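What follows is a set of notes on a single structure, which appears directly below.
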Amino acid sequence: MRVCVVGSGGREHALASVLGRTAEVVVSPGNPGIPGSVGTPAEEVEADLFVVGPEDRLVDGLADRLRAAGRLVLGPGADGARLEGSKAFLKEVLVEAGVPTARYGSFSEVEPALAMLRSLPGPWVVKTDGLAAGKGVLVTTSLIDAEDDVRAKLAGEAFGDAGRTVVVEEFLAGPELSVFALCDGERAEAIGCARDHKRVGDGDTGPNTGGMGAFSPVPGVDDALVERVMDESVRPTLAALGARGIDYRGFLYCGLVLTDGGPKVLEHNVRFGDPEAQVVLPRVEGDLAAMLAEAAVGELASRPVFSPDACVTVVCASEGYPLSPRVGDAIEGLDEARGLPGVDVFCAGVGEGDGGRLVTAGGRVLAVTGRGPTLADARAAAYAAVERVRWPGMHHRTDIAAGML
Ligand code: AMP
Ligand code: GLY
């Protein structure tokens, strides 16, 4: 089977690498650090199966266009992708499906939004309705800051049209968990779980990022808990989408908080997590390509089998990330890092400089994954490899998975 992975980041590199165990893989457009990158648009690639990585392409209807051209695609159409493209739509579906989630209100006027904020005990959570590259969420212990944020978002100052509707919701306290599911329109199977680290600095300090590292499995989270999430949150969501006539075939990334009252959904994303893919997918055993193809045709029959190994990934970021990443720095030590046992290095913001050298081309540049029999082994492997890669201004967190050992 020939599979086309659509996207250009570390998640797509991980997808390509695991799919490549059993299939021929091309990546569109990919990047100079990902083998099999073709640089051409997905519409011009010939493949038996297309796996779409990034949410913006899904929200934009790429899966619909490929299907209309007769292609087999894993990834929801624009209708299903609204789950991630609109927080207001997400909450509507969750409530309809009876999924445990934070109480919320969705507003396009300032005063009712402020009234709801003032009725909540805090901390306060204000979200932009549309896609905002992970930057549309404010969680704050200051009611005044939350009120200002509502005004700014509704005035369209912060995110333009994406912010013209805001969602105000109850704060959920507890550790976070991400559960990944593979859906075929009717059935859904868990394909792993992970926890990521969203803040840029050690000890969860500094601004939010797309994710600075992740690990899988998650200590304290057993198969029974994952199946509970599948039964309470993922399968009812899929059924509610089906009842609306939405045939959801793709990954569903369920972001939860493990509250005292049980797991509650923060969000559903319509794709794999990045960098969670870099720790979850390497643990999937068997023929991932065949399984994704089953889901894409609507006949998911296989159940994923997981390696007992643990994986830890550490994101190496460019100078200035996340505020203003500098690009064009030469990346050194990649081969050395890759030569270490139990190590995979996935290329994200990577470009080609003079003489074909790899250079930084984005904020999150590499995801360095270590694998081993325990989380401690995996973590040691990842950090040994991180020590080998360098460029001016490179930074990374030193505490990925540290609190879990
Ligand atoms: P989101 O973009 O919806 O994933 O939100 C980004 C992050 O904000 C989440 O990973 C949580 O850490 C935090 N967050 C969002 N909503 C809530 C909530 N209702 N309660 C607590 N934390 C939240
Ligand atoms: N790592 C978070 C995300 O992929 O949204």
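The values are calculated or read from the model by the stated rules, or taken from the named source; none is laboratory data. Predicted model only: the values in this text are computed from it and were never measured. So basically every Cβ, Gly included, is an ideal-geometry build from the backbone, and we count neighbours across all protein chains shown. The accessibility values were calculated without ligands, DNA or RNA, using every heavy atom of the protein model including side chains. Shrake-Rupley method; radii C 1.70, N 1.55, O 1.52, S 1.80 Å.
Subtracting the Cα-Cα distance of Glu43 and Ala173 from 0.36 nm times their residue separation leaves 42.4 nm of extension gain. In order along segment 319-324, the Karplus-derived 3J(HN,Hα) couplings, from 6.51 cos²θ - 1.76 cosθ + 1.60 at θ = phi - 60°, round to 3, x, 5, x, 6, 8 Hz, and Gly and Pro are given as x.
Summing Lys and Arg as +1 and Asp and Glu as -1 over all other residues whose Cβ lies under 14 Å from the Cβ of Gly36 gives a net charge of -1.
Among the protein heavy atoms of segment 259-405, carbon and sulfur supply 49% of the accessible surface, probe 1.4 Å, non-protein parts ignored.
In the context of the full set of protein chains, segment 171-287 has a per residue accessible area of 33 Å² (1.4 Å probe). Rounded to the nearest Hz, the phi-derived 3J(HN,Hα) couplings of segment 236-252 under the Karplus curve 6.51 cos²θ - 1.76 cosθ + 1.60 (θ = phi - 60°) are x, 5, 4, 5, 5, 5, x, 5, 8, x, 9, 8, 8, 10, x, 7, 10, where x marks glycine and proline.
Look at where the Cα atoms of segment 53-115 and of segment 236-285 average out, and the two centres are 12 Å apart.
Distances between placed amide hydrogens fall under 5 Å for Leu266 paired with Gly255, Leu256, Val257, all partners being 5 or more residues away or on another chain.
Per atom type, segment 74-187 shows carbon and sulfur on 51% of its accessible surface, probed at 1.4 Å.
The residues packed around Lys87, meaning those with a beta-carbon under 11 Å from its beta-carbon, carry a net charge of -2 if Lys and Arg are +1 and Asp and Glu are -1.
Placing dummy labels 7 Å off each Cα toward the beta-carbon, the span from Met404 to Glu299 is 3.7 nm.
Using a probe of 1.4 angstrom and keeping all protein chains present, the accessible surface of segment 24-122 works out to 42 square angstrom per residue. Using C-alpha pairs under 8 Å with a sequence gap of at least 6, the mean separation divided by the residue count of the chain gives a relative contact order of 17 percent. The distance between label points at Glu285 and Asp56 comes to 3.9 nm (points 7 Å beyond Cα on the Cα→Cβ vector). Stretching the chain fully between Ala224 and Ala68 yields a gain of 52.3 nm (0.36 nm per residue, less the alpha carbon separation). Here segment 13-45 and segment 294-320 have alpha carbon centers that stand 16 Å from each other.
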